[in-house]
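Read through the structure below, which is laid out as structure tokens, and then see the notes.
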Amino acid sequence: ISLAAGVALTWILFPGEIAIIVGVALASTALGTILPILRDAGELHTPFGRAIGAIGAVGEFGPLIAISLFLGGRDPGIESIVLLIFGVVAGLAIWLAFRMPRGAMHRAVNASLHTSGQFAIRVVFLILAALVALSIVLDLDLLLGAFAAGIVWRLLMRDARESDRRVVESKVEAVAFGFLVPVFFIYTGVTFDLASLMETPILLAVVPLVVILLFLVRGLPSMLAAPAGSTPRDRIAVALLGATGLPIIVAVTGIGVDEGILPSAAAAVLVGAGMLSVLLFPLIAMSLRGERKVTASAELEDDRA
């Protein structure tokens, strides 16, 4: 719904490939930004948190598929074949993850969790490097390979104890949120074409309008996935978190500018709107939900699960 609405609204004013770029940008959700917020608020394992996780997964994976199909510089038919090849390889990796003897990976991981070997972290980055390299070789968006790598690792550790998974995830998060994510935001800030917005004040005024458009195109359809029994405040919070987007916006606008489809000023408007959505939407959403903390009993239930 979000993708169709975004493309349709843009097509009215700018028919052609630019409508696809803007539609993909408006249909995205910044799952990597939202998940840490939900976890810190104790919402990750609640029905609300699971719903947001599902919305975010679709809001990242769906646009990645659209980018690979329509914005790769090749015929959509050829892109479909290339995407199928990637799907077969990723599917084979997932199948191997399922076929791996239960406990084999966990024993190797546990043996090195607190040693200099750090086997688990090295395996994560090996899987990540392999699937990202495959994405680059096939001329697909590298985020698609990163997304598949996360699924493969999650399946490898599906039978591990919750406490072991938490230790590994905390180490991966230390690298991701302590180093890689800040680098991404620094890169986004350095490459952000603020000069174009300042030279044309009307474009600066358009940024808040695009933020509203993000809420309408991505946020309102996200309310359909709100958990049963959600209050109006909860549904609005779902809409706000669903409309939070930046990484895919940066990726798709970068492709548009590189291929000469999207003007740099238009890309700056979209990226600026994504920045504002990351700054404002989660803050308002979690204020509507109210502060929640993970209790000891909830943690115990997670360990048992």
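The values are calculated or read from the model by the stated rules, or taken from the named source; none is laboratory data. Predicted model, so just to flag it, every value in this text is computed and none were measured. No Cβ is skipped: glycine too gets one built from the backbone with ideal geometry, and neighbour counts run over all protein chains shown. These area figures cover heavy atoms from the full protein model, side chains too; ligands, DNA and RNA do not enter into them. Shrake-Rupley method; radii C 1.70, N 1.55, O 1.52, S 1.80 Å.
A compact table of results
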| read-out | value |
| --- | --- |
| Residue satisfying condition, being at pLDDT 90 or above and surrounded by fewer than 24 Cβ atoms within 10 Å (Cβ to Cβ), within set 241, 224, 214 | 224 |
| Qualifying helices (runs of 4 or more DSSP H) (wholly inside the stretch 1-49; at least 1 residues being open to solvent by less than 10 Å² (accessible area, probe 1.4 Å) and farther than 16 Å from residue 210 by Cα) | 31-40 |
| Of all residues in the stretch 256-266 being surrounded by fewer than 20 Cβ atoms within 10 Å (Cβ to Cβ), touching a residue at least 24 places away in the same chain (Cβ under 8 Å) and out of contact with any Ser or Thr (no Cβ under 9 Å at 6 or more places or on another chain), the one that is nearest to residue 186 (Cα to Cα) | 259 |
| Given (1) open to solvent by less than 30 Å² (accessible area, probe 1.4 Å); (2) within 21 Å of residue 67 (Cα to Cα); (3) outside any helix (DSSP H, G or I), index of the condition residue 248 fails | (3) |
| Output for the stretch 43-60, where each listed residue is touching a residue at least 40 places away in the same chain (Cβ under 8 Å) and either under 16 Å from residue 169 (Cβ atoms) or in contact with a helix residue (DSSP H, G or I) (Cβ under 6 Å, 6 or more places away or on another chain) (or both) | 43, 45, 51, 52, 55, 56, 60 |
| Some residue of the stretch 142-149 being aromatic (Phe, Trp, Tyr), out of contact with any Leu (no Cβ under 8 Å at 6 or more places or on another chain), in a helix (DSSP H, G or I) and closer than 23 Å to residue 63 by Cα | no |
| Count of the stretch 16-46 residues which are more than 17 Å from the chain's Cα centre (by Cα) and not hydrophobic (A, V, I, L, M, F, W, C) | 7 |
| So residue 102, is it over 18 Å from residue 255 (Cα atoms), charged (D, E, K, R), at pLDDT below 75 and loosely packed, with under 13 Cβ neighbours inside 10 Å | yes |
| Test for residue 185: is it open to solvent by 60 Å² or more (accessible area, probe 1.4 Å), under 21 Å from residue 122 (Cβ atoms) and within 16 Å of the chain's Cα centre (by Cα) | no |
| Residue under evaluation residue 153, criteria (1) of a type in the set (Phe, Trp, Tyr); (2) closer than 24 Å to residue 132 by Cα; (3) open to solvent by 50 Å² or more (accessible area, probe 1.4 Å); (4) in contact with a helix residue (DSSP H, G or I) (Cβ under 7 Å, 6 or more places away or on another chain), criterion not met | (3) |
